[in-house]
Structure formats: C-alpha cells, structure tokens
Amino acid sequence: PRQPARTLWYDRPRYVHLEFCVEDSAGVEVVFENQRVVFSCRNADGVEFYNEIDLYARINSKDSREKRSDRSITCFMRKWKEKVAWPRITKENIKPAWLSVDFDNWRDWEGDEEAERAMVEQYAEV
C-alpha cells in the first residue's frame with residue numbers, strides 16, 4: 001500500500017519550494033510538468049510514498065530540480081511568471097491533510113530576490 005508523504009511548501013519570487021518529508025528515502029522519482037508535480041519513493045521500511053499535485057500556476061519544468069537529503073526531498077520549481085505570489089500550491093482551493101505551509105521558511109518576500117538566488121545556488125552546489 002502506498003501513502004502520501006507529508007509535504008511542506010513555501011513561495012519565493014522566482015521559485016516555489018516543496019519538501020517531501022521522507023527519511024532514508026530510496027528510489028526517489030520526481031517528475032516536473034508545466035502544471036503538475038509527481039513524487040514517489042520508498043523509505044527504509046519499504047513503505048511506498050506517492051504524491052501528485054496539480055499546481056496553482058505554471059512552472060518552468062526544465063528549470064526545476066530536486067535535492068535529496070537524509071530527511072527529505074526538496075524541490076525548487078521555477079515559476080513561469082516570476083514575482084507573482086502564489087496564495088496556495090494547489091490548483092483547486094482544497095488542502096489535503098498531508099500538505100502544509102512551511103512557516104519556518106515562509107515570509108513576505110517583496111524585494112528578497114538576492115537571498116533566494118543565494119539559497120538556490122547553495123543547494124545546487126551540494
């Protein structure tokens with residue numbers, strides 16, 4: 001049986017960030033489409049995780065990427081229209097139980113592009 005991974009998200013001027021919270025993940029697969037992201041993996045116990053999110057707005061799927069760590073898989077999805085705030089991550093105005101705003105990283109980002117660029121570059125180097 002598969003289940004959705006607990007997922008956190010936050011918005012920035014150029015990117016929308018998603019974090020799939022799965023420890024010790026294996027077989028990670030992330031597919032970025034223009035208005036959808038599909039995530040799947042297994043954890044150390046063999047539990048399968050699967051999330052499919054129809055996105056609020058269009059992303060540049062070719063300039064979006066993910067980074068796996070021991071505790072989670074973080075996705076950087078490049079917005080098609082930069083500097084346009086997303087009020088939610090999902091296309092429909094419904095919030096699945098497994099999806100939450102990442103309040104630790106959420107902030108009003110007006111004029112905060114330099115910090116975002118530095119963060120994305122830092123992840124790219126890892």
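For the range 13-52, the alpha carbon convex hull comes to 70 Å³ per residue, rounded to a whole number. Neighbours of residue 38 by Cβ distance under 12 Å: Lys/Arg scored +1, Asp/Glu scored -1, total -4. Using the Karplus relation 6.51 cos²θ - 1.76 cosθ + 1.60 with θ = phi - 60°, the per-residue 3J(HN,Hα) values for the range 28-38 come to 5, 9, 10, 10, 9, 10, 4, 9, 7, 10, 10 Hz, with x marking Gly and Pro.
Here the accessible area of the chain is 43 percent carbon and sulfur, with a 1.4 angstrom probe and all protein chains present. Model label points for residue 44 and residue 21, set 7 angstrom from Cα along the Cα-to-Cβ axis, are 1.8 nm apart. Dimensions of the chain along the principal axes, based on C-alpha atoms and rounded to the nearest Å, stand at 43, 35, 28, largest first. If you take the Cα centroid of the range 49-92 and the Cα centroid of the range 30-47, the two points sit 12 Å apart. Over the residues of the chain, the helix contribution to mean residue ellipticity at 222 nm works out to -3500 deg cm²/dmol, using -39500 (n - 2.57) for each DSSP H run of at least 4. What longest range of the chain stays clear of loop-exposed GluC sites (Glu not before Pro) (DSSP non-H/G/I/E/B, at most 16 other C-beta within 10 angstrom)? Here the longest run is 24-81. Dipole magnitude for the chain: computed about the Cα centre from +1 point charges on Lys and Arg Cβ and -1 point charges on Asp and Glu Cβ, it is near 460 debye.
Computed from the Cβ-Cβ distance with R0 of 30 Å, the FRET efficiency linking residue 54 to residue 102 stands at 0.95. Close amide H contacts of residue 64 (hydrogens built in the peptide plane, cut-off under 5 Å, sequence separation of 5 or more or a different chain): 78.
Shown in residue order for the range 9-19 are the 3J(HN,Hα) couplings computed by the Karplus curve 6.51 cos²θ - 1.76 cosθ + 1.60 at θ = phi - 60°: 9, 8, 10, 9, x, 10, 10, 10, 10, 10, 10 Hz (x for Gly and Pro).
Using only Cα atoms, tell me the angle between helix 113-125 and the longest principal axis of the chain; keep it within 0 to 90° and round to the nearest 10. Helix 113-125 sits at roughly 40 degrees to that axis. Shown are 12, 6, 71, 36, whose ranking by accessible area with a 1.4 Å probe and every protein chain present, most to least, is 71, 6, 36, 12.
Taking 13 Å as the cut-off, the amide N atoms of the range 41-68 that come nearer than this to a point 7 Å along the Cα-to-beta-carbon line of residue 80 belong to 55-62. Per residue, the solvent-accessible area of the chain (1.4 Å probe, heavy atoms of protein chains only, all protein chains present) comes to 59 Å².
Distant-in-sequence amide contacts of residue 12, defined by a placed amide H-H separation under 5 Å and a gap of 5 or more residues or a different chain, comprise 17.
The values are calculated or read from the model by the stated rules, or taken from the named source; none is laboratory data. Model, not experiment: these values are computed from the prediction. Reconstructed Cβ throughout: ideal geometry from the backbone, glycine too, with neighbour counts over all protein chains shown. In case anyone asks, the SASA skips ligands and DNA or RNA and just uses the protein heavy atoms, side chains included. Shrake-Rupley method; radii C 1.70, N 1.55, O 1.52, S 1.80 Å.
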